[in-house]
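Accompanying notes for the structure given below.
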Amino acid sequence: MKHLVTILLFGLAVTVAAQAQSSRVDSLLAAMTLAEKISLLHGAIDPTGEAGAGYVPGVARLGIPAMRLTDGPAGIRTRHPATALPAPVALASSFDPELAYRYGHVMGIEGRARRHEVLLAPMVNIVRVPEAGRNFETFSEDPLLSAEMVAAEVQGIQEAGMMATVKHYVVNNFENDRMRVNVVVDERTLREIYLPGFEAAIRADAAAVMCAYNRVNGPYACDSETLLTDILRDEWGFEGWVMTDWFAGHSLESLVRGLDQEMPGYTIPFSSPDMPLAPAVFADSLLAAVESGRIDEAYVDRAVRRILVQMERFGLLDGEATPPEIDIGAHAAVAREVAEAGAVLLRNENQTLPLTARDLQHLVVIGPTATRPLIGGGGSSRVLPFRSTSTLAALQELAGSQAQIRYVPGLDLDGVPVPTAALRTPDGQPGLLRQGADGATQVDAQLDFTGERALPPGSQWTWTGTLTAPTAGVYELKLQTAGGVGTLSIDGQPVLHTGMFFSDASLIPTADSLENATYRVELQAGQQLSLAVQISGRMPSLPFLPAGQNPVQVRLAWVTPERRAAFLEEAAEAARAAHAAIVFVYEEGTEGRDREALALHPDQDALVEAVAAANPRTTVVMNVGAPTLMPWAERVSAILLMWYPGQEGGWATADVLLGRANPAGRLPVTFPRRAEDAPTASPERYPGVDLTARYDEGIFVGYRWYDAQQIEPLFPFGHGLSYTTFAYENLRVEPDGDGFVVRFVVRNTGERAGSDVPQVYLGPPENPPVPMAVRQLVGFRRVTLAPGEAQEVTVRIDGRALSYWSVEDHAWVKATGRRPLYVGASSRDLRLQTEIDVR
Ligand code: BGC
């Protein structure tokens, strides 16, 4: 409650300040040369190297300071450590806007402490495609939940003094071909599903908007007058500025259509047909265009004004402020709280969880992420954590000295160096032929130049030869590197890359901290592969990357079929001998690439099956960022979804497993039973045909689809169990202004304190004016109750939630008539029902 009061005060202060001092912006504009104005409309390289993602130099002679722009959205991403928060999808699972406020506040304080002014967060793209690589980085498939979370997070960020940038505007819902795809989406769907999160962020007064890479109904999002001017400015009254996503500027005329700033604002010699990094246009070409009269200077002024107004609002024109201190402990506590609040207990047969004292006396923990935590997803949201503790270590500490906890990996992530016996140089000697940039050659028995055998900084080498499979089966070949850019080619084709921003390396490094990329191949006994490994310690000539200064390390490792089987067998044996087993499974979501499948890696499914067959008290802990198939779901006793739980995830996971925390996360996305059940299972819808993705499932995204199609999901939207039980009673609904007020009582009917998230859903009238969802979320509340305690919950449904977007009227219109209203523990567990009369 306290922060809400402060938000109000802050809001007032901001309005007054903006009005009182807009004359300052006018005089600055009048004093700026055209070149100075344009220097604010595109980024540049930060001379200090401190900028996490972008830098705008400012105009020193007029007291306009430089601005640093930093990712977001799971913590501050710079080269310095920061609090690595749980993935935004974990935050969304809390269904707790107050927590979203504090999550944002942590980032705002840490950004300001590092002297960064603009946060490139939150991301509020709807989860439409279950495979999409960035699903972990956003909130939900539901627009109302997304809107409530994003608004609170924006307030948290900005009240800490940092500017929030809501991204990526709009319909940037998958990664493959994100820079080229044209999204074809109808007006009603855009309004009802994809825009509300952005609108909520604007209403919460976000300083900036980042337009998306993709096209929307033709033009690029960053070049769309409909999106950037008609909707954003004219309808929503947005007064901040719009920046491009990185390298998403396309034309000078975008300035006229409503784009204000191009990022990162410089051209890099690194473009390819599938990743067209557009050259910067808002710099020299813009200057020339204004001078020649092609672009009216008034548009430059408009954009500069929008930026300066926000700089003034956040005090940046008042001289350098003292940066806040980071309270590392307090921020870690928020990270842990979010991880616990977002923990979703998907299944818990016979109260398998929390672990009993007996379990702890003979427990086996299995799976790599138990000891090597996967704290976040990949891409621009990756944060260098202040610290991190594995769940195994946390469990051992919290369970006390009586506990007997054994760990077995179950999967071999690192493998072993490929032995000499399997390698031959091109002229048949044991080992591989090494060749340097100067042509010098030598034979190496194995390819393992790591640790003390590391190569000098800047080294460039190529190894060639053949690898012969001793037995038949699936082999994993692993390229493991540090300090350079690595490539593994098979039969002349590059199959693995390491050492680059978007590489094939796993988010989990090797035990000796190397990047680790894996290529799987099925081989016959005696089958040969011709291979080449290249390593270059010289970085590509990217302006923001330092030249290689570290020793170059490289290793070619493998996991043979026998070794994989042995790891699996060891895990099953250990599970058989234990009283209870916990298996950790994971999936790596990342920016830049969608997942190839919704299934876990087959070795992980096999591991879960083997452990579950060996031990009847098997719990699966999932470190995934998005819907995942679980063919074994009914054969395990408990499933705990921890998402990517941030730097405190180990402690949070241990707290939940031990019952020190009572899980109360609810699914913000549907988990389907089969990939083909998803609304986007046809290629026209995803990934699109001929670079066109048709969103013709319309508003039937997420649970709206499964409900309309009567498809039983594996776990529905809103689902999540607790260690206690709750009952709902006494539902009453009254008209209230343009909407309704819903009241009901929630009672904790179990024996533990816990939180619950009752959800209010609304159905359509009998003859709906347009196709409508069987039910849609119109409100929710997170409540915490002691055993036996009851509380009356009030949820307000506003007029918008009762409305659909009318394409004829270009306006929200209420869907009138008698409509069913439900209170549920999930979208498929509806406990109370009534009818409201919408007029
Ligand atoms: C991402 C943005 C990010 C930007 C700067 C882009 O690749 O799409 O979300 O803010 O990079 O790092």
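The values are calculated or read from the model by the stated rules, or taken from the named source; none is laboratory data. Keep in mind that this is a model prediction, so the values were computed, not measured. Heads up, the Cβs are rebuilt from the backbone with ideal geometry, glycines too, and the neighbour counts pull from every protein chain shown.
Taking the criterion of being crowded, with 19+ Cβ neighbours inside 10 Å and more than 16 Å from the ligand (Cβ to nearest atom), the residues of the range 37-57 that qualify are Lys37, Ile38, Ser39, Leu40, Leu41, Pro57. Of all the numbered requirements in (1) in contact (Cβ under 8 Å) with a residue 40 or more places away in the chain; (2) polar (S, T, N, Q); (3) away from the ligand (no atom under 16 Å from the Cβ), Asn214 misses one, and that requirement is (3).
Beta carbons closer than 8 Å, at least 6 apart along the sequence or on distinct chains, never pair a first residue in the range 405-416 that is over 17 Å from Glu562 (Cα atoms) with a second that is basic (Lys, Arg) and assigned to a loop (DSSP other than H, G, I, E, B). One residue stands out among those in the range 150-162 that are within 16 Å of the ligand (Cβ to nearest atom) and either under 16 Å from the mean Cα position of the chain (by Cα) or over 22 Å from Thr244 (Cα atoms) (or both): the one that is surrounded by the fewest Cβ atoms within 10 Å (Cβ to Cβ), which is Glu153. Those strands (runs of 3 or more DSSP E) of the range 744-839 in which 1 or more residues are surrounded by fewer than 17 Cβ atoms within 10 Å (Cβ to Cβ) and of a type outside the set (S, T, N, Q) occupy 790-797, 811-814, 817-826, 829-838.
Taken over the range 111-139, the residue count meeting the criterion of being buried (at least 24 other Cβ atoms within 10 Å of the Cβ) and away from the ligand (no atom under 11 Å from the Cβ) is 12. The residues of the range 558-599 that are surrounded by 23 or more Cβ atoms within 10 Å (Cβ to Cβ) and of a type in the set (Phe, Trp, Tyr), listed by number, are Phe584, Tyr586. Just one of the numbered conditions (1) modelled with pLDDT under 95; (2) aromatic (Phe, Trp, Tyr); (3) within 15 Å of the ligand (Cβ to nearest atom) is not true of Tyr220: (1).
Each residue in the range 630-686 was checked for being closer than 24 Å to Arg134 by Cα and surrounded by fewer than 20 Cβ atoms within 10 Å (Cβ to Cβ), and 11 pass.
Tell me, yes or no, whether the range 108-118 has at least one residue that is outside any helix (DSSP H, G or I), closer than 25 Å to Pro716 by Cβ and in contact (Cβ under 8 Å) with a residue 60 or more places away in the chain.
No.
Pairs linking a residue in the range 61-83 that is closer than 21 Å to Ala164 by Cβ and assigned to a loop (DSSP other than H, G, I, E, B) to a residue that is away from the ligand (no atom under 11 Å from the Cβ) and of a type in the set (Lys, Arg), with Cβ atoms under 9 Å and 6 or more positions apart or on different chains, are Ile76/Arg114; Thr78/Arg68; Thr78/Arg114; His80/Arg114.
Looking only at the range 196-228, how many residues end up being of a type outside the set (Val, Ile, Thr), part of a helix (DSSP H, G or I) and within 23 Å of Gln155 (Cβ to Cβ)?
Within the range 196-228, the subset of a type outside the set (Val, Ile, Thr) is 196-201, 203-208, 210-215, 217-225, 227-228.
Now narrow it down to the ones that are part of a helix (DSSP H, G or I): 196-201, 203, 221-223, 225, 227-228.
The next check asks that each one be within 23 Å of Gln155 (Cβ to Cβ); those that pass are 196-201, 203.
The total comes to 7.
Is it the case, given these coordinates, that Phe238 is part of a loop (DSSP other than H, G, I, E, B) and either more than 16 Å from the ligand (Cβ to nearest atom) or surrounded by fewer than 24 Cβ atoms within 10 Å (Cβ to Cβ) (or both)? Here the answer is yes, as Phe238 does meet what is asked. Take the range 59-76 and flag every residue that is at pLDDT 95 or above, in contact with a strand residue (DSSP E or B) (Cβ under 9 Å, 6 or more places away or on another chain) and more than 18 Å from His42 (Cα to Cα). Matches in the range 59-76: Pro73, Gly75, Ile76. Of the residues making up the range 501-513, those that are crowded, with 17+ Cβ neighbours inside 10 Å and free of Cβ contacts under 8 Å to residues at least 40 places away in the same chain are Ser503, Asp504, Ala505. The residues on offer are Ala100, Ala147, and the sole one that is under 16 Å from the mean Cα position of the chain (by Cα), buried (at least 24 other Cβ atoms within 10 Å of the Cβ) and more than 16 Å from the ligand (Cβ to nearest atom) is Ala100. Does the range 188-208 contain any residue that is β-branched (Val, Ile, Thr), within 14 Å of the ligand (Cβ to nearest atom), modelled with pLDDT of 95 or more and crowded, with 24+ Cβ neighbours inside 10 Å? Within the range 188-208 (the criterion being β-branched (Val, Ile, Thr), within 14 Å of the ligand (Cβ to nearest atom), modelled with pLDDT of 95 or more and crowded, with 24+ Cβ neighbours inside 10 Å), the answer is no, since none of the residues qualifies. Within the range 163-181, not a single residue is more than 16 Å from the ligand (Cβ to nearest atom), modelled with pLDDT of 95 or more and in contact with a strand residue (DSSP E or B) (Cβ under 9 Å, 6 or more places away or on another chain). Of all residues in the range 664-704, those satisfying the criterion of being farther than 24 Å from Arg828 by Cβ and among the aliphatic types (A, V, I, L, M) are Val689, Leu691, Ala693. Considering every residue within the range 334-348, establish whether at least one is away from the ligand (no atom under 16 Å from the Cβ) and over 26 Å from the mean Cα position of the chain (by Cα). Yes, some residue in the range 334-348 is away from the ligand (no atom under 16 Å from the Cβ) and over 26 Å from the mean Cα position of the chain (by Cα). Considering Gln493, Gln480, Gln524, Gln528, the condition of being touching a Lys or Arg at 6+ places or on another chain (Cβ under 9 Å) and more than 20 Å from Leu374 (Cβ to Cβ) is satisfied by Gln528 alone.
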